[in-house]
Amino acid sequence: MDHATFADRTAHGVVDVRRGDDALEALSAGEGFWAVVATFEGAVTAVRFAHVEPRMPGGPAGALGEVSTPVTPPPVWRPLDGDWHTSLDRDAYVAAVQEVRSRIAAGTVYQVNVCRVVSHRLDDGDDLDGLDALLRQGNPAPHAARIRCDEAGLDVVCASPELYLGVRDGRVVSRPIKGTAPTAEQLLPKDHAENVMIVDLVRNDLSPVSRPGTVSVDELCVVETHPGLVHLVSTVSGRLRPGTTWRDVFAAAYPPGSVSGAPKSSALQAITDLEPVPRGPYCGAVGWVDAGAGAAELAVGIRTFWAERDAGGERWLRFGTGAGITWHSDPVGEWRETELKAARLVGLAAGAVSP
């Protein structure tokens, strides 16, 4: 059944589906609760739901608070124990990192996020509701989301730790992640340099839609612990200009800076040149917009699975992983970072990691 479940609320009863500019206009119209998925490439899909209810904190996916809606237990997830395919193998990824370093040496770019997508075949009966429940148990995330809408072609499970954009009471907040290691002691000077570089980019992204003088860095390079790894996280905020629309916000700040690079235009060109497949929802935006309340919570679509069919009709589960490349990057070390970021979540989906 079509539904959307987030950290603190769940929604059902689809009443409208919008795409592209029409979706951005609907989000700005001031009416309704919308689940949103935007691909890294910029395709925005918004699904309006008629019913939104609080989700029981710490409960299973779909568990509701004091409401009368019955709760159906999620299906059991069947471990995917077959072969996972990657869009860039180790040698290709290392070569891509080396090419980014060459572009940095030439002065065309400072940092590029290089990603790969891993895929596993899915049976038609494999229900991602079961995977969502497994991830909420085995890899709890502050911006967890499950969005399913057949009409919209959305079948997404997100366990993102990263806030792309939060909006409340006219204030916009972004919490970019840059810097990843197994432990805080293993974070490198390169990780801090990456974070500071992207914080500056996010400040620039938010400035066109924020009131002059209100953009600030509220936290810089804070160590956060998540299952299996640590991140450096910063917080950037601003006060939105009166009359700002979602079209304005996306024009100024999309795609997320932490998963593209700096300068953003040069980084996006490098990504186009070096990555052989589209990222899709991975590194895009996943979350919700309450148009009536003027509130939103959109995560960066990292730690994200999605199901789709290829040109031949075969159904696949996709998952993306990547790393930020700077001049000081070690190509093999960056490949290992992509493995670290994927290990727990892909391991849960494959039944190799216990929740």
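The values are calculated or read from the model by the stated rules, or taken from the named source; none is laboratory data. Small disclaimer: the values here were computed from a predicted structure and weren't measured. Here the Cβ positions follow ideal geometry from the backbone for every residue, glycine too, while neighbour counts run over all protein chains shown. Just so you know, the surface numbers come from the protein's heavy atoms only, side chains and all, with ligands and any DNA or RNA stripped out. Shrake-Rupley method; radii C 1.70, N 1.55, O 1.52, S 1.80 Å.
What strands (runs of 3 or more DSSP E) completely inside the range 150-222 contain at least 3 residues that are within 20 Å of GLY287 (Cβ to Cβ) and open to solvent by 50 Å² or more (accessible area, probe 1.4 Å)?
Correct list: empty, since no element meets the threshold.
Is it true that ARG116 is touching a Leu at 6+ places or on another chain (Cβ under 8 Å) and modelled with pLDDT of 95 or more?
yes
Tally time: how many residues in the range 26-41 are out of contact with any strand residue (DSSP E or B) (no Cβ under 8 Å at 6 or more places or on another chain) and either over 23 Å from ARG136 (Cα atoms) or modelled with pLDDT under 95 (or both)?
Selection size over the range 26-41: 6.
Check the range 323-335 and report whether any residue there is of a type in the set (D, E, K, R), open to solvent by 20 Å² or more (accessible area, probe 1.4 Å) and more than 30 Å from PHE49 (Cβ to Cβ).
yes
May I ask you to list the residues in the range 14-24 that are in a strand (DSSP E or B) and open to solvent by 30 Å² or more (accessible area, probe 1.4 Å)? Quick ask: steps written out before the conclusion?
Taking the range 14-24 first, the residues in a strand (DSSP E or B) are 14-19.
Across the range 14-24, the qualifying residues are VAL14, VAL15, ASP16, ARG18, ARG19.
Restrict the check to the range 130-142 and report whether at least one residue is part of a strand (DSSP E or B) and modelled with pLDDT of 95 or more.
No, because not a single residue in the range 130-142 is part of a strand (DSSP E or B) and modelled with pLDDT of 95 or more.
List every residue pair whose Cβ atoms lie under 7 Å apart, where the two residues are 6 or more positions apart in sequence or sit on different chains, the first residue falls within the range 42-63 and is closer than 17 Å to PRO74 by Cα and modelled with pLDDT under 95, and the second residue, located anywhere, is part of a strand (DSSP E or B) and not hydroxyl-bearing (Ser, Thr, Tyr).
Within 7 Å, the pairs are ARG55/ARG9; ARG55/LEU64; MET56/LEU64; ALA61/ARG146; ALA63/ARG55.
Across the range 283-316, what is the number of residues that are in contact (Cβ under 8 Å) with a residue 12 or more places away in the chain, open to solvent by 10 Å² or more (accessible area, probe 1.4 Å) and assigned to a loop (DSSP other than H, G, I, E, B)?
Summing the residues that are in contact (Cβ under 8 Å) with a residue 12 or more places away in the chain, open to solvent by 10 Å² or more (accessible area, probe 1.4 Å) and assigned to a loop (DSSP other than H, G, I, E, B) in the range 283-316 gives 6.
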